[in-house]
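> Following this message is one structure expressed as structure tokens.
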Amino acid sequence: MYAVFIPAIAIIMAPFIRGRAAAYFSALTFVVSFFAILYAFVTKAEYMVDLFTAFEPVGRIYLLGDTVSHAFGFTIALVSAMVALYSYPYMKHRFEEMELNPSTEFKKYWFLYNLYAASMLWLVYAGNLILLYVFLEISLIASFLLIYYYGYGNRVWVGLLYFVWTNIAGVLALVGFLMIGFENKTLALDSIASVSMLAWLFVFIGMVVKLPGLGPHVWLPWAHAEAPTPVSALLSPLTVGLAAYILLRIYLIDQSFIEVYRSEIFLYGILTSVVAGFAVFKQKDHKRLLAYSTVSQMGYILIAFTLGTAGIVGVIIQYISHAFGKSILFMSAGAIIAVYHGLRDLDRMSGMHEQIPTIANAALIGFMNLSGILAIGMIGEFFILKGLVDTFGLSLDAILLVVFVFIISGLYSFYTMKRIYYGRVRDYEKAKVNRLLDTPLYIIGAISILFILPPLATWFVDAVISFLGGV
Amino acid sequence: METAALMELELNPGIWLMLFFAPILASFPIAFIWPKRQDSFARKLSILSVLGLFVSFLITVFILFRVEEGRYVYPWLPSIGINFVFVVDYLSKYMGALTGFIAFTIGVYGLEYMKDDYRLGWYWFFFNLFTASMLLVVYSDNLLMLLIGWEGLGIASWGLIGHWFRDDDELSYVGVIDRKMGPLKMFWSPSTGGWRAISTIRVGDMPMFLAVAAIFALTGTLDISRIPWAELFENIGMAGTVILLFAFLMGPFTKSAQLPFSEWLMTAMTGPTTVSALLHSATMVAAGTYLFMRVSWYIKPWEIQLAGVEIIYILVLSLGLISSLYGASVALASRERKVLLAASTMSSLGLMFASSAASFWIGEFAIVVAFWYLITHAFAKATLFLVAGHIIHETHDRFLGGDREVFSKMKLTALVTLFATITLAGIPPLTAYWVKSAMDEVMEKLVHEVNILPFAFLVTISVIYSAFLAKFFALNFWKGRHVHLHLHGGGVMKTAYTAMVSMLLVLLAVIYLGIDHAAEEFIKAGTVEVSFMVGILVLVAYVAGFIKPEHENFIGKILYDRVYVMLLNDYLIPKIGWAIAWIVDIFNRFLDFTAHTFIPALFGGISVSIRAVQSGSLERYAKIVVSFVLAILFIVSIVGWF
Amino acid sequence: MQFAIPAVLILALSGAFSLRFKYVGFAGALVASALMVVNNPLLLMVFVIALLNLASLDLMKGFLRGVDYTLVGLIFVSTSFAFYSQSLAFLLTMFVVASVPTYMLVMASDKEIRMEVGIKYITFMVVATILFMIGAILMVHASATSSMGLYYLAFTMLLLGLAIEVGAGPFHEWVPDVFDSADPIPVSVIASIAKFVPFVVAFKIISSTYMGGDVLILITGIIAVASMFIGNIGALTSSKPSRILAYSTVANMGYIISTLAVALYTEYVYIAFAGAMLLLLTNSLGKIGFFVGIKEDAMPKIETYILSLSFIGIPPLMGFWGKLYVLASLVYANLVWIAFFLVINSAMSVPYYIRLIRIFEDKKDFRKLAGYLVTVTAVLMLITVVPPNWIIESSRILMKYLAIGGV
């Protein structure tokens, strides 16, 4: 349990380590956490560590480690570790591009990066909604500052935009939390007995802004595209999905809201996914494209929430699979940016497989994750589809909608592959890609594939199913 | 031929692991080294990959002869009752051996065919991944596990079709470069071919995936041989059955390129010929029909007389026959070596579907016939593809062409082609004749059950089929235009397709010697008068096709353009898709503008007006405050009054 | 409280001597303040703010030459007294005593007396004091005679008086001008320690006379929300830090006034009170920090971040807990609509606080004392890393003194 606090060492120490070693050190702490969490996950260990008791309405503040926390936790730990490695060459390039002094900037960077990643990791172990909110906001601030300092384009404006939207999201959820606290006289997860509709509504709207659902989704392409790529590679895979985690926590306490508005949320999820999916085709900027695909994937999560217990398994796996896939993809986009000095315009790319085959192959694994081919996403889609039949039976319209959504993901994935890596080879120089820019991608990719095979798949599904008490 | 319930048996899991992982792992060295160095050492690693294929092949042979029929269960997701279940039964053991053999043989062929390629790491990785996936599909009893293999097929197919991703080699295109028909570009590059393949297959895979999940949701098991099919169909009613089965069959339909999903198979010919031979004729596209056979085998539709099931089987029967007729006609009009073969493959796949669908009325025998046809077709068509690859290699030309010079200089090749074509056409007394005869018999029986159309279709298709095979032979080796030959090497390739074609003789032997229990029935069917008549008809068609391989007319032109089915892939669906994308984009821009430009500007405006109050004049401030105070007090007084 | 009279005496004496020796005034203010300190966490925090105010006065050369210390001391003494007093007369007196010293302070600056600012400020304060006083007395009267109509009117007068006094919108007109044109140090006093008394007195009077009536809640809510919007929107396009802070004060006063609506629900007054006080503390610390920065035209970097983020309401900084308790009390009192507007406003405030960060980000040239002061304010913002149970406890204790005697 305490393993989740190992990255705290990196927050403090890494800024004082020079050069590449800081990256290795940060990654090491997260990797250790990853294995510890994975072990806890496999052994289905549950923890509860009291920290503090505050007055009503806050109540007992404690750390909670259960299967759901572990499932989100190891994903966060793994992706953070890999992105930390990747950060080093990327940010070095970025600092040079911004004409900053790398040695001082890296100090700031490592502090903020580790704080950001660790706060997300701790968020999923928060046993009290206020504690959870605290970590949510810390991660928001750390990521905001990273965008604000090192982002692209009009980075101040984008940073603000990100801050405002996610702050609205967080605070709306906070109002919902407070209502929960009022009704239950506590915000400790284990003591909350019920969640009223209004409270649910606030949390739901807040998290839909963060997730994001259709409508509020306009903030995401800006933030995820203009953030420095290692930050995008955490924002998009990990941070937005935490909204799903929060919804999941509330859902596990009280499902009334989802049950009452099942078909509305279902349709909203579909609409989100379809609109964002189609938007992917129209994007000209590599990172914006990936950002829209994130919105589309988050639509899956909304859909899955309405599909009963199997759907909940789907939510968890979808989070993991999207995290793995999207982190690979953002890192691949970043690698092109780093190697070809800011190249992100899709109109200036084609046949890139020629110059950077290792990145292209990694991107393929990323897209396979998104479309659920031979990777953990496949099991996620299976559970979502099972939940669909459990919930709506063989109703033709529901089936067509979900199937359509899944098809679109596959289509834009491979269409993008074709756009970027296939076709006429352009006369970019063949570049030598820094090993830290591609190896982490493959590690994530390998793990995402291992997750459909025993023993990982066996453990994983067993732990989740026994936690949820069967599907 | 009763299929008793399969027993659960024990087998060292190492054998299965080796079967699937030997080829994948063997391709890792070249896959990882290739991006870094493309020297002669890296090229040599190809041999390692083929060795991996060889290991798989040996294991499939071992399974064929030494492993008992039954189910082999290994835990995967035991908590929800989904496990790795391998099934060894009549279908899978033959199909496995067939896959192993063809993959290995084509692998050997590829050693020479691909020796100067620029992307060998990619090629071998996906080639071997494909083989492993195919074997997984073949031996799977569990549908989810089968889906892993199924997705593997899809991705490998995408990878290999788009293998020459640079789109810079004219030889790798399909269609006449720069030819246009109205809004349609009638030529396709490898990257387009790959995209079409994966996009079409996704459209089928997702409904199929849903059907699999639905079966699990409704029955709690995914083992094909254990699912209580009859009970399931009764529970979900007619509409449910139709939806479920149709969704499930969308996978096989798209994978086996039935109408209207046929176009991807035509442009899949942009891949290397080895790929066309292995994936797009012998195995992968046949996986769709194989899956239908496998499922029908255990559904036993002949025992379930439910309306929903009947509707589906009639649908498959009709779709199969129509696609088959379409494929044969297109092949007849085709001018490209590989496209001709691709269309003919589609035609054969249609026949397999139709014949297996007939099992609803005929029983298990119809499936056996379809399966035998699959095997025969696989060897013959793989041979023809390999030959086509060799000729393209030697002539640097992908269009039909070649006069007697080709025949004389490539005698072995020509003879292999001749044998393969006449065997596949169904000319008595060669292999396909017996199988086709059994098919004739099946369709003839349907005259009473359905109507005469299936039989009529079958005879028509057989005739056309024979004619274009003759055309293929004639235009490549006898009567085609003159082509320049660049003969060099080719020994390995020749060996490979000779080995391939010789398998047809093995099959023939199996039939004559009655080694398989189906053989007896085939012989019986082949000696019936009607079958013989059809056989003669086919022979006549072959001769006619050979004598006059080319005949230009209006219908031929339409068929040459594949009846414009590509309108769907290249025009209609993209147009609709882009239109939606356009609307979505406008919508997004509007939202973005509202949220990030309009509203901030609005608030900015309000802000400016709020700040405009600060004129510095105390008098003005006092007026504002006092009027506010008075107004509020006034209102409150009134409210308080009541 | 028994030391109130000695404290005032000490202040008077030291004030007189301070005209000759500047630091006598400082010492006197310190001693007097120390005498009034009660062992209550909230009071201690207010004391700390008073100390910060006192220390910050050293940054200006002031024509008041030491009397300024006395004035600040006086404000603290009255604040402390107001917390515990249960007599209407005393409370209203304290209201005046806390307010009048600012009249003088606001005119102070390094060189000359700023009469014009003073006049503006005093005019508003007088109006405010009159409205407040009349309102207060009438409320007590109305509640004694159970006259509902009168009570409505009286309540509104009190509310309006309060709004003008603290500078809530739409009665905020004096705030941007005064904050901008007066010397930053006195402004920091006006914006910090002087804000406690009006709210404490208002809380006491309202909660001990309340007679029911949803309209009153509605009016309070409307003024609160209006103030939030005017403050936040006004700040959006301001570029001068003093003006940004002026509007930020307007917005903050809106948040705090919204708690008065909860004061009508006795059950949850303690949370509302805790929230209001915590927000006032945050506001005070932040304003002291920033106005010191404005005085120096430079601030230490990390501290700037902390202060800004605390204003935005990022946990676990103090500003977050303030907003949390305010939100909680609103939610408890079923005033979700106000809570909703508060949330929207809270998000709207992000851009201009970030602008503050940007303004000060690269300015490093400040006096040592100023640096220390800003650092202390930032550190104090951080003490709520441990959830501030102390504020709730204090609030619960102070609830005992909420009821005004004889009502």
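Read the figures in this text as sums done on the coordinates, not as results from a lab. Note that this is a predicted model, so its numbers are computed, not measured. Quick reminder, even Gly has a Cβ in these numbers, built from the backbone with ideal geometry, and neighbours come from all protein chains shown.
> Averaged across A:461-468, how many Cβ atoms of other chains sit within 10 Å of each residue's Cβ atom?
2
> Please report C:Asp365, C:Asp177 as a ranked list, fewest other C-beta atoms within 10 angstrom at the top and most at the bottom.
C:Asp365, C:Asp177
> With the cut-off at 1.5 for a/c, could you classify the protein assembly as shown from its C-alpha gyration tensor as rounded, prolate or oblate? If you can, show how the numbers build up before the last one.
Details: a/c = 2.97, a/b = 2.53, b/c = 1.17.
Since a/c reaches 1.5 and a/b is larger than b/c, the shape of the protein assembly as shown is classed as prolate.
> Mind checking A:354-362 for the average number of partner chain beta-carbons within 10 Å of each residue's beta-carbon?
Mean number of neighbouring Cβ atoms from other chains: 3.
> Right, next: Say R0 is 51 Å: what FRET efficiency, to the nearest 0.05, do B:Lys180 and B:Leu513 get from their beta-carbon distance?
Details: r = 55 Å, r/R0 = 1.08.
That gives a FRET efficiency of 0.40.
> Could you sort B:259-271, B:87-99 so that the peptide with the highest average Cβ count within 10 Å comes first and the rest follow in order?
B:259-271, B:87-99
> Rounded, prolate or oblate: which one fits the range B:261-314, using the alpha carbon gyration tensor with axes a ≥ b ≥ c (rounded when a/c is under 1.5, else prolate when a/b beats b/c, else oblate)?
oblate
> Obtain the nm distance between the two label points defined at B:Val608 and A:Arg18 by a simple spin-label model: each point lies 7 Å from its Cα along the Cα-to-C-beta direction.
The answer from the label model is 5.3 nm.
> Further question: At 222 nm, what helix-only mean residue ellipticity would the protein assembly as shown give, in deg cm²/dmol to the nearest 500, using -39500 (n - 2.57) for each DSSP H run of four or more?
Helix-only estimate at 222 nm: -25000 deg cm²/dmol.
> Round to the nearest 0.05 the FRET efficiency obtained for B:Glu10 and C:Thr266 when R0 = 60 Å and r is the Cβ-Cβ distance.
Numbers: r = 76 Å, r/R0 = 1.27.
Efficiency, from the Cβ-Cβ distance: 0.20.
> While we're looking at this one, here's another question. Could you pull out every residue, at least 5 positions away or on a different chain, whose amide H is within less than 5 Å of the one on B:Trp76? Hs are placed 1.01 Å off N in the peptide plane, and Pro or chain starts have none.
Amide H neighbours of B:Trp76: B:Phe84.
> Oh, and also: Using θ = phi - 60° and the Karplus curve 6.51 cos²θ - 1.76 cosθ + 1.60, what whole-Hz ³J(HN,Hα) does each residue of the range B:259-267 get, with Gly and Pro shown as x?
For the range B:259-267, the Karplus curve yields 4, x, 9, 7, 4, 4, 5, 5, 7 Hz.
> A further question on this structure: Ranked from highest to lowest mean number of other Cβ atoms within 10 Å per residue, what is the order of the peptides B:66-74, B:409-417, A:228-236?
A:228-236, B:409-417, B:66-74
> Run the numbers for B:Ala601 and B:Glu69: contour at 0.36 nm per residue of separation, minus the present Cα-Cα distance, in nm. Walk me through the numbers before you get to the answer.
Numbers: separation 532, 0.36 × 532 = 191.52 nm, distance 7.47 nm.
Between B:Ala601 and B:Glu69, full extension yields an extra 184.0 nm.
> Averaged over its residues, how many other protein chain Cβ atoms are within 10 Å of peptide C:215-224's Cβ atoms?
Per-residue shielding by partner chains comes out at 2.
> How many nm is it between the label spots at A:Val49 and C:Gln86, if each spot is 7 Å from the Cα in line with the beta carbon?
About 4.7 nm separates the two model spin labels.
> So what's the gap between the Cα centers of the range C:84-145 and the range A:106-120, to the nearest angstrom?
Taking the Cα centre of each part, the range C:84-145 and the range A:106-120 sit 49 Å apart.
> Taking the Cβ of B:Gly604 as the center, what net charge do the other residues with Cβ under 14 Å away carry, scoring Lys and Arg +1 and Asp and Glu -1?
Summing Lys and Arg as +1 and Asp and Glu as -1 gives +2.
> How far apart, in nm, are the 7 Å Cα→Cβ label points at C:Val37 and A:Glu259?
In this crude label model, C:Val37 to A:Glu259 measures out at 5.7 nm.
> Something else: With a cut-off of 20 Å, note down the residues of the range A:278-306 whose backbone N falls inside the zone around a label point 7 Å from the Cα of A:Asp347 toward its beta carbon.
Under 20 Å, as judged by backbone N against the label point of A:Asp347, lie A:279-292 of the range A:278-306.
> Mind jotting down the distance between the C-alpha centroids of the range C:197-230 and the range B:571-642, whole Å?
Using only Cα atoms, the two centres lie 26 Å from each other.
> Related question: Among B:Val442, C:Val37, which comes first, second and so on when ranked by fewest other beta-carbon atoms within 10 Å?
Placing the least packed residue first, the sequence is C:Val37, B:Val442.
> Check each of the chymotrypsin sites (Phe, Trp or Tyr not before Pro) in the range C:305-407 and keep only those in coil by DSSP with at most 16 other C-beta atoms within 10 angstrom; list them in order.
Of the chymotrypsin sites (Phe, Trp or Tyr not before Pro), the ones in loops of the range C:305-407 whose Cβ has at most 16 other Cβ atoms within 10 Å are C:Tyr401.
> Below 29 Å, Cα to Cα, which lysines can B:Lys300 reach? Residues fewer than 8 away in the same chain don't count.
A:Lys386, B:Lys93, B:Lys255, B:Lys436, B:Lys445, B:Lys524
> Taking the Cα centre of the protein assembly as shown as the origin, how large is its charge dipole in debye, to the nearest 20, when only Lys and Arg (+1) and Asp and Glu (-1) carry charge on their Cβ atoms?
Rounded to the nearest 20 debye, it is 3660 debye.
> OK, next. Compute the Cα gyration tensor for chain B, then decide on rounded, prolate or oblate, letting a ≥ b ≥ c be the square roots of its eigenvalues: rounded whenever a/c is under 1.5, prolate when a/b is larger than b/c in the other cases, and oblate in all that remain.
prolate
> I've got another one for you. Quick one: longest stretch of chain A between exposed loop trypsin sites (Lys or Arg not before Pro), exposed meaning at most 16 other C-beta atoms within 10 Å and loop per DSSP? It would help to have the intermediate numbers written out before the result.
Numbers: sites that count: A:Arg18, A:Lys44, A:Lys185, A:Lys284, A:Arg424, A:Arg426, A:Lys430, A:Lys432.
Here the longest segment lacking exposed loop sites spans A:45-184.
> Between C:Leu369 and C:Leu218, take the C-beta separation as r, use R0 = 56 Å, and let me know the FRET efficiency to the nearest 0.05.
Computed FRET efficiency for C:Leu369 and C:Leu218: 0.75.
> Report, in degrees rounded to the nearest 10, the 0 to 90 angle that the Cα long axis of helix B:120-139 makes with the longest principal axis of chain B.
That helix lies at roughly 80 degrees to the long axis.
> Now for a separate question. What translational diffusion coefficient, in µm²/s and rounded to a whole number, does the Stokes-Einstein relation yield for chain A at 4 °C and a viscosity of 1.567 mPa s, taking the hydrodynamic radius as the Kirkwood radius over Cα pairs?
Translational D for this selection: 59 µm²/s.
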